[in-house]
Amino acid sequence: MKDPLPPTTRELAAGPCRGPMADRPVMPGYGILPADQGSGLMPWSEAERRLSVSHDYWVATVRPDGRPHVMPVWGVWLDGRLWFSSSLGSRKARNLAADPRCTVTTDDARNPVVVDGVVERVADAGPIAAFVDAVNAKYAAGMTVEFQDPTVNATFAVRPATVFALTDGDFQGSPTRWSFPSG
C-alpha cells in the first residue's frame with residue numbers, strides 16, 4: 001500500500017519515540033537512592049500513561065530577551081510526542097518560532113512528568129486531523145480541522161529529548177530520567 005503522506009509529514013507523524021534509556025537523575029543533597037533501591041526506575045509506560053491522562057500541561061518557552069514564559073494548554077500525548085496548539089500571534093508561538101526548545105509538564109505536581117524537547121510546527125492536514133480527533137476525544141471539545149488552519153493557528157508536536165518523572169510517597173526512590181536518541 002502506498003504511503004499517503006509525503007516524507008516530511010511521515011517524519012512528523014512517525015510512531016512512538018524509540019528507545020528511551022532510563023536512569024536515575026543526579027540530584028545532589030536530596031538523598032536520592034540508587035536506581036535499584038526504593039521503587040526503582042519507573043517504566044516508560046507509566047510516564048506515557050501520565051502524559052496521556054493529564055488534563056492540562058504547562059508549556060515553558062523563552063522570550064526573545066531571555067526571560068521565561070510559561071502558559072497552560074490543553075494537549076494530547078500522541079505518537080510519542082506531546083501535541084498542543086496556539087494562535088500564531090500568541091507569545092508562546094512567537095517564542096517557539098524563534099527558539100523551538102521548550103519544557104512541558106503535566107498538571108500533577110505530586111506525580112509529575114517533565115518533558116524537555118524540541119517543538120515541531122505541523123502544517124500538514126493528516127497529522128492535524130489526527131491531533132484534532134485526539135483533542136476532541138479527550139476533551140469533548142468540538143474542535144474542527146478548519147480551526148487549526150496553519151495560517152491562523154499553530155499545531156505543535158514536542159519531540160522529547162529528556163523526560164523526568166517521580167512518584168509521590170517515594171521521592172528518594174522513584175526519580176527516573178529517560179534520554180531519547182536525537183533525530
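Here are some notes:
- Residue within segment 105-125 that is of a type in the set (Ser, Thr, Tyr) and closer than 28 Å to Arg177 by Cβ present: yes
- Pairs where the first residue, in segment 139-158, is under 17 Å from Leu96 (Cα atoms) and the second is in a loop (DSSP other than H, G, I, E, B) and of a type in the set (A, V, I, L, M), C-beta under 8 Å, 6+ apart: Pro150/Ala123; Thr151/Leu88; Val152/Leu88; Asn153/Leu88; Ala154/Leu88; Thr155/Ala123
- Among the numbered conditions (1) surrounded by 17 or more Cβ atoms within 10 Å (Cβ to Cβ); (2) at pLDDT below 95, the only one that Asp3 does not meet is (1).
- Residue within segment 33-45 that is within 17 Å of the chain's Cα centre (by Cα), at pLDDT 95 or above, aromatic (Phe, Trp, Tyr) and within 15 Å of Arg121 (Cα to Cα) present: no
- Selection from segment 108-134 of residues that are of a type outside the set (A, V, I, L, M, F, W, C) and closer than 20 Å to Leu96 by Cβ: Asp116, Gly117, Glu120, Arg121, Asp124, Pro127
The values are calculated or read from the model by the stated rules, or taken from the named source; none is laboratory data. Quick caveat: nothing in here was measured; it's all calculated off a predicted structure. As a convention, Cβ positions derive from the backbone with ideal geometry for all residues, glycine included, and neighbour counts pool all protein chains shown.
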